[in-house]
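Student: Have a look at this one.
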Amino acid sequence: MATTAQRRSVDSLADLPELIAEETATPEFEASFGDPLPLSIVEPGEEPGEWQMPEPFAAQAECGGVIAAMFDLFNGTRLEPLAAEVAWGFVNSFHFVANKLSRREAVLADEIREMVRRVDVGEVFNSQLEEKQLLCQSTFEQREALECMRDYAAEMYRAQSGRPWSPARGSRASTASTASQIAAQDFLRERALAARERYLPQGPVVVFSGPAQWHDWEMLWRNLDEIHARVPNMTLVTTGQRKGADAAAAAWAARSQTRVPVVAYGLYGSGRGKAFDRNRKLAELRPVEAVVCEGSGLQANLYQTLRKAGIPIHAFRKADQAPDTPRTEPRRVPGRDIAKASYGDAMYIAA
């Protein structure tokens, strides 16, 4: 990742020159910018050309620098409260363009899929197929580069603002085949595998839910640290609120030491029962553990639903975060010995 023994954080724009002198680009930027295709199509309809990518570390430094510069510019002025909001827009611009490229890539992939179904060994057809595939691969490279910059800018946003960035919506051969068609099928298969890994994290699920008003985030972070020590490859599934307990859990997952995938399972659709349907579907994910903070009737219903499914639950009451409340040992569930509890037990209640 870096030439120095330990990676340093960037607290202000003034730190960037020293950081640039000491470090090289991260593996993510090297992968996205360092080894592009020999030929690329920059815009649909253009001829292939030998277009270069930006230099990896320059892309990384400029991407982080624009976020740090915004916070430094507003710091100590009447605009300081607006710094996070403006910086959010910078990160979101990368996200918006990456999504546009993703949609274009999906259309091109569908067109390639239709072409490889045809049995046509003509030279013109093969040329069209190769050009379509090159355009799709070029779009793939552009999207990956923009997503890499978005993720780094989002990390800079988190370091400067103290909370994680999140978008406003959304969560990235037959024997008759010719050589070009086989290559196209291989490309589509690899693309599908990469997409599944990005959007369907495979680790054991830990469910988290809490109210929009929750102040003792340190208590929640300690609990999540303990769970992560037991389940290092976990995927955190929250109930998707952008403030309060859910936001604290998302911030914990975004820490550089943790890097836990987060799935925000918000309320979608219409109808009075959608929240209870969501709770049932969370239980159907078969989480290995769950953290539920006392809140509304939705948290109470989720607690009962998970308990009925036999999911171990770390339950926190509102009283647990009161500043003057002494911390106690984990409470005993009637008929259960917490010290002997396991994943098959119904509930933990943690102090």
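The values are calculated or read from the model by the stated rules, or taken from the named source; none is laboratory data. Source: prediction; values computed, not measured. Backbone-built Cβ (ideal geometry, glycine too); neighbour counts: all protein chains shown.
Student: Output yes when any residue across region 60-76 is in a loop (DSSP other than H, G, I, E, B), over 20 Å from TYR157 (Cα atoms) and either out of contact with any His (no Cβ under 8 Å at 6 or more places or on another chain) or at pLDDT 90 or above (or both), and no when none is.
Tutor: no
Student: Please count how many residues of region 75-106 are loosely packed, with under 15 Cβ neighbours inside 10 Å and aliphatic (A, V, I, L, M).
Tutor: The total comes to 4.
Student: Can you list residue pairs whose Cβ atoms sit under 9 Å apart, with the first residue in region 85-112 being part of a helix (DSSP H, G or I) and the second being at pLDDT below 90 and aromatic (Phe, Trp, Tyr)? Count only pairs 6 or more apart in sequence or on different chains.
Tutor: Sorted first by the residue in region 85-112, then by its partner, the pairs are ALA87/TRP165; TRP88/TRP165; VAL91/TRP165; ASN92/TRP165; HIS95/TRP165; ALA109/PHE187; ILE112/PHE187.
Student: I'm checking my understanding of the structure. Among residues of region 284-298 that are crowded, with 19+ Cβ neighbours inside 10 Å and under 15 Å from TYR265 (Cβ atoms), which one is modelled with the lowest pLDDT?
Tutor: Once the filter is applied, the top-ranked residue is PRO287.
Student: Would a scan of region 47-59 turn up a residue that is modelled with pLDDT under 90, part of a helix (DSSP H, G or I) and closer than 18 Å to GLN142 by Cα?
Tutor: Yes, the conditions are met somewhere in region 47-59.
Student: Based on this model, can you work out whether THR305 counts as at pLDDT 85 or above and either not assigned by TED's automatic domain parsing to the domain that holds TRP214 or not acidic (Asp, Glu) (or both)?
Tutor: Values: at pLDDT 85 or above: yes; either not assigned by TED's automatic domain parsing to the domain that holds TRP214 or not acidic (Asp, Glu) (or both): yes.
Yes.
This table checks each residue for (1) out of contact with any helix residue (DSSP H, G or I) (no Cβ under 9 Å at 6 or more places or on another chain); (2) under 20 Å from PRO48 (Cβ atoms); (3) not basic (Lys, Arg).
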position	(1), (2), (3)
VAL97	no, no, yes
SER102	no, no, yes
ASP110	yes, no, yes
GLU123	yes, yes, yes
LEU135	no, yes, yes
SER138	yes, yes, yes
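Student: Would you mind stating whether ALA192 is of a type in the set (Gly, Ala, Ser), out of contact with any Cys (no Cβ under 9 Å at 6 or more places or on another chain) and at pLDDT below 75?
Tutor: no
Student: So if I check each of ALA69, ALA109, which one is surrounded by 18 or more Cβ atoms within 10 Å (Cβ to Cβ) and among the aliphatic types (A, V, I, L, M)?
Tutor: Just a single option satisfies the conditions, and that option is ALA109.
Student: Kindly provide the set of residues from region 53-107 that are over 29 Å from GLU43 (Cβ atoms) and of a type in the set (D, E, K, R), ordered by number.
Tutor: Matches in region 53-107: ASP72, ARG78, GLU80, GLU85.
Student: Looking at region 113-140 only, could you name the residues that are over 14 Å from PRO44 (Cβ atoms) and in a helix (DSSP H, G or I)?
Tutor: ARG113, GLU114, MET115, VAL116, GLU123, VAL124, PHE125, ASN126, SER127, LEU129, GLU130
Student: Sort through ARG242, ARG222, ARG278 and tell me the only one that's of a type in the set (Lys, Arg), crowded, with 16+ Cβ neighbours inside 10 Å and outside the structural domain of ALA106 (by TED's automatic domain parsing).
Tutor: ARG278 is the lone residue from the list that is of a type in the set (Lys, Arg), crowded, with 16+ Cβ neighbours inside 10 Å and outside the structural domain of ALA106 (by TED's automatic domain parsing).
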